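Presented below is the structure to which this report refers.
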Amino acid sequence: MVKMAGMEEHERKIVIEFCHLLEKSKQLFNGLRDLPQYGHKQWQAYFGRTFDIYTKLWKFQQQHRLVLDTKYALKRWQIGEIASKIGQLYYHYYLRTSETNYLNEAYSFYAAIRGRAYYSRASKEDRSDLMVKKLRYYARFIVVCLLLKKMKLVRELVAELDRHIADYASTYDPEDQVEWNVVLDEIKSFIKAEAMVSVLHADSNPIVLSHRLSPLTTPPVERSQVMNLTLQEILIIGSCTDQVKFSELTMDMFRMLQTLEREPQEDYNHLYDTSPAPLHGSGTGRGSGGYAGVPGSKGYPVENGDRSGKRDNPHKYLLYKPSLSQVLVFLASGFKELPLNGALLLYISADGCFSTTKHPEDMGYDLGGVITNSRRELEHGKKGVHLKEMHCLHPGDIYPFTRRPLFVIVDSDNSFAFQHIPKYFGQPLVTLMSPQDTPPSFQDQQHNGSLFTLFLHSPLTAFCYCCNLTNVPIHHWERCQSYIDRFVTEASRLFTRCRLELSYMQFFGDDFLRLVLVRFVFCDVVLRLHRGFRGRQQRPRAAPPLPDAELLENSALATLVLDLATHLDVATHFRDPPPAPTMHYN
């Protein structure tokens with residue numbers, strides 16, 4: 001309790017107003033967890049009110065810091081807690097809008113907390129709950145830095161988190177010590193897996209590269225009238241049991257979500273000792289007591305930074321090991337939100353759920369599917385009690401959503417079960433499926449993420465990995481990237497020239513889907529030529545099928561892959577190209 005005795009009237013008003021804003025902000029923040037995770041409009045107004053109150057609270061504590069310090073005994077960890085919650089607000093706003101600029105805003109608040117050492121005395125308060133708040137802040141900051149590819153800072157934060165967990169354990173001997181050690185192990189494993197191929201500077205230090213879509217990586221295209229669809233809604237599901245993950249992001253989810261985002265247009269290099277500021281110049285500037293910008297409120301950008309409703313990135317849902325009912329609800333929500341000429345993308349990275357039916361009749365259910373969650377339900381049959389896979393997503397479960405343009409990517413050891421989805425409603429439909437099997441030499445690395453998803457995320461990284469290259473000097477990398485760029489350009493040209501099912505051309509006008517399609521072709525061509533990958537099960541598959549002679553076995557594309565291998569001195573990993581036809585003269 002704050003003692004009001006001895007305060008002057010204006011001081012009492014300041015303290016009362018601060019307490020009111022603090023309590024109101026906590027109520028609104030706690031209410032966020034009750035909002036629906038799906039849909040666009042149900043949560044925006046509530047988020048706007050929450051941002052508004054935190055904007056007022058942050059500005060108020062800056063303007064009246066002297067009174068609050070002396071009369072309220074405001075502690076630095078309390079300021080840190082407010083800043084941390086604003087950072088969380090921005091991070092969750094990013095998750096709901098897919099706009100990476102909000103990630104930068106979350107970063108600015110988290111970095112300010114560290115730079116100003118708001119939590120530095122949390123361990124001196126003799127309260128274990130404060131230490132837990134500090135540890136949670138570190139875990140959240142690490143996630144944001146991972147998504148922004150600030151890997152040097154990630155490693156610094158992990159080292160600090162390691163020390164703080166040890167301090168927490170030795171001071172309080174807490175019951176959740178094991179859980180925090182698991183969190184630490186997860187993030188260390190995640191960082192190690194993420195850096196499976198290192199690009200090295202001249203001084204042998206690794207260089208961090210971003211793999212989001214940029215003007216430099218967007219495949220060129222000769223546009224036609226049928227290219228009329230844009231990717232608007234995305235559902236990314238990660239359910240692999242033996243894959244590194246951190247904070248409900250598996251490695252496959254982490255890679256795919258970046259693949260389906262553009263590079264931020266504005267470069268926010270926030271300094272640790274500057275004040276967080278609005279997104280687009282509203283309010284006061286950095287270094288002069290700026291405060292958090294509020295999306296959707298007066299003077300601040302709306303959801304996508306553009307009042308026209310146009311967004312830089314498609315809207316995404318991220319689901320980690322969801323129940324089948326969650327998958328269907330979020331699919332239905334994305335389906336419902338699709339605008340005219342909008343397309344829905346469903347990406348699934350999951351273990352296969354295999355059927356025991358010897359003679360399948362119903363291709364929608366008799367071939368099995370993928371497991372979205374490992375929970376099982378008991379089924380009572382004639383031969384006793386056995387386990388039934390309740391959370392298996394079958395191809396047939398997707399049929400209702402083919403009423404709108406649907407693009408499906410399945411990364412699983414039972415992916416080929418999804419190749420027979422019918423076009424009941426005549427809408428554009430494409431399914432890309434990972435290889436169902438990998439060579440033994442690659443199987444022990446499956447926990448670091450799928451090779452197929454890696455090809456879709458960073459083709460050159462996947463190529464190097466296939467050839468056992470773990471370190472590549474930057475000058476080699478840049479030269480090799482030129483081969484990838486030439487492949488992408490040629491594959492994009494061939495797509496528009498060869499005979500394809502109409503669905504492909506309808507999707508091909510979208511930058512993200514075009515990028516995914518040409519990278520799929522690169523993956524297929526590389527694995528066809530690679531000596532280590534043999535048999536149909538070890539190559540990807542597409543439905544409708546892509547033409548072999550005109551595209552997947554095209555000699556120009558094969559030559560580019562082999563030239564890339566020669567440049568990297570790994571040509572022995574690949575089969576010799578077919579000999580040129582011999583000319584006979586009579």
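The residue among Phe141, Leu161, Val197 whose Cα reaches farthest toward the positive pole of the charge dipole of segment 131-200, with charges on the beta-carbon of Lys, Arg, Asp and Glu, is Val197.
Taking each residue as 0.36 nm, the span from Ser224 to Leu35 lengthens on full extension beyond its C-alpha to C-alpha distance by 63.8 nm. About its Cα centre, the dipole of the chain is roughly 1120 debye, where the only charges are +1 on Lys and Arg Cβ and -1 on Asp and Glu Cβ. Find how many whole Å separate the alpha carbon centroid of segment 410-428 from the alpha carbon centroid of segment 452-513. If we compute the Cα centre of each part, the gap is 23 Å.
Couplings for segment 527-544, taken from phi via the Karplus curve 6.51 cos²θ - 1.76 cosθ + 1.60 with θ = phi - 60°, read 5, 5, 8, 6, 5, x, 10, 10, x, 5, 5, 9, 10, x, 9, 10, 10, x Hz in order; Gly and Pro are left as x. With 21 Å as the limit, the listed pairs Lys75/Lys124; Lys152/Lys316; Lys71/Lys133 have Lys152/Lys316; Lys71/Lys133 beyond it between alpha carbons. Can you give the angle from 0 to 90° between the axis of helix 9-31 and the longest principal axis of the chain, with both taken from C-alpha atoms, to the nearest 10? Tilt of helix 9-31: around 30 degrees. The mean accessible area for residues of segment 463-586, using a 1.4 Å probe and ignoring ligands and nucleic acids, is 47 Å² per residue. Using the Karplus relation 6.51 cos²θ - 1.76 cosθ + 1.60 with θ = phi - 60°, the per-residue 3J(HN,Hα) values for segment 232-237 come to 10, 10, 9, 10, 10, 10 Hz, with x marking Gly and Pro. Can you work out D for the chain in µm² s⁻¹ from Stokes-Einstein, where Rh is the Kirkwood radius over C-alpha pairs, the temperature is 4 °C and the viscosity is 1.567 mPa s? Using the Kirkwood radius from Cα pairs, D works out to 49 µm²/s.
If r is the Cβ-Cβ distance from His10 to Glu186 and R0 is 41 Å, what FRET efficiency results, to the nearest 0.05? Taking R0 as 41 Å, the efficiency between His10 and Glu186 is 0.25.
With bins 10 Å wide beginning at 0, the percent of Cα pairs of segment 200-270 falling in each bin runs 14, 30, 36, 16, 4, 0.
Taking the accessible area of the chain, probe 1.4 Å, and keeping the other protein chains in place, the carbon and sulfur fraction comes to 51%. Inverting the pair-averaged 1/r between distinct Cα atoms of segment 1-112 gives 15.2 Å as its Kirkwood hydrodynamic radius. Segment 10-27 and segment 343-368 have their alpha-carbon centroids 56 Å apart. Helix-only arithmetic for the chain: the sum of -39500 (n - 2.57) across DSSP H runs with n ≥ 4, divided by the residue total, places the mean residue ellipticity at 222 nm at -14000 deg cm²/dmol. By the beta carbon rule, with partners counted only under 4.7 Å, the chain holds these lone Cys residues: Cys19, Cys145, Cys240, Cys464, Cys466, Cys467, Cys480, Cys498, Cys523. Other residues within the sphere of radius under 15 Å centred on the Cβ of Ala565, judged by their own Cβ, net out at +2 (K and R +1, D and E -1). Please work out the C-alpha center-to-center distance from segment 208-267 to segment 51-128 and express it in whole Å. Measuring centre to centre over Cα atoms gives 30 Å.
Computed from phi, the 3J(HN,Hα) profile of segment 100-112 under the Karplus parametrisation 6.51, -1.76, 1.60 (θ = phi - 60°) reads 5, 4, 6, 4, 5, 5, 4, 4, 4, 6, 4, 5, 5 Hz, with x in place of Gly and Pro.
The values are calculated or read from the model by the stated rules, or taken from the named source; none is laboratory data. The structure presented is a predicted model; accordingly, all values stated were derived computationally and were not measured. Ideal geometry is used to build each Cβ from the backbone, glycine not excepted, and the neighbour counts take in all protein chains shown. We work out accessible area using only protein heavy atoms, side chains counted, and drop any ligands, DNA or RNA first. Shrake-Rupley method; radii C 1.70, N 1.55, O 1.52, S 1.80 Å.
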